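*Asks:* I am attaching a structure below and will ask some questions about it afterwards.
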């Protein structure tokens, strides 16, 4: 019985330390203007923040056409935050965040955050913002594409050798993509591209 107690105590302490590793004493580098790293308290690459917001029983949805992911709905189920898991990462650690409106075709399992009216990033970006507002937050270092009645702004940080931000996460490329229709943000995603 004593052996089981010691074993359980060890694993409890081990998991607690790992889940809180990034959020405790680690000094994050200065965030580049074009980068964002969180949505409603969930941070890129930080399993502790995912567990704090969603709980410990996070189950990935496996997909043949995409990476494993977790869906999170807002209070009234009109928006979905997709947390994308990259193979080789620590459990409950997500490297890409995607936010969009929910359409009628959406039928996957999802967590629901009943206190979240609209998903908001660490830099206060949310669906419905104007192009001008997003550019004022993230800067003008983007590539712009037009497709039918959509405008897509793409930010890329790929200077690994000179970027403390990329070195901290040990990832070669960060991207942010923001889609506008009638000058309103309708969909966005950001994070690290899978190497």
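Any read-out appearing in this document is the output of simple, stated calculations on the displayed coordinates, not a laboratory observation. Since we're looking at a predicted model, the values are computed, not measured. Quick reminder, even Gly has a Cβ in these numbers, built from the backbone with ideal geometry, and neighbours come from all protein chains shown.
*Asks:* In the stretch 139-163, which residues have a backbone nitrogen under 19 Å from the label point lying 7 Å from residue 187's Cα in the Cα-to-Cβ direction?
*Replies:* Only 143-156 fall inside the zone, counting backbone N under 19 Å.
*Asks:* Next question, about the same structure. Treating the angle as unsigned and between 0 and 90°, give the value, to the nearest 10°, between the Cα long axis of helix 2-19 and the longest Cα principal axis of the chain.
*Replies:* Around 20 degrees separate the two axes.
*Asks:* Relative contact order for the chain: what is it in percent, counting Cα pairs under 8 Å that are at least 6 residues apart?
*Replies:* 20
*Asks:* Oh, and also: Please label the shape of the stretch 81-137 as rounded, prolate or oblate, based on the square roots a ≥ b ≥ c of the eigenvalues of the alpha-carbon gyration tensor (a/c under 1.5 means rounded; beyond that, a/b larger than b/c means prolate, else oblate).
*Replies:* The shape class here is oblate.
*Asks:* Compute the FRET efficiency between residue 105 and residue 162 as 1/(1 + (r/R0)^6), taking r as their Cβ-Cβ distance and R0 = 35 Å, and round to the nearest 0.05.
*Replies:* E between residue 105 and residue 162, to the nearest 0.05, is 0.25.
*Asks:* While we're on this one: I want to check the label-to-label distance for residue 154 and residue 124. Put each point 7 Å from Cα in the C-beta direction and report it in nm to one decimal.
*Replies:* 2.9
*Asks:* With n ≥ 4 as the cut-off for DSSP H runs, can you work out [θ] at 222 nm for the chain, using -39500 (n - 2.57) per run divided by the number of residues, rounded to the nearest 500?
*Replies:* Dividing the helical sum by the residues of the chain leaves -6500 deg cm²/dmol.
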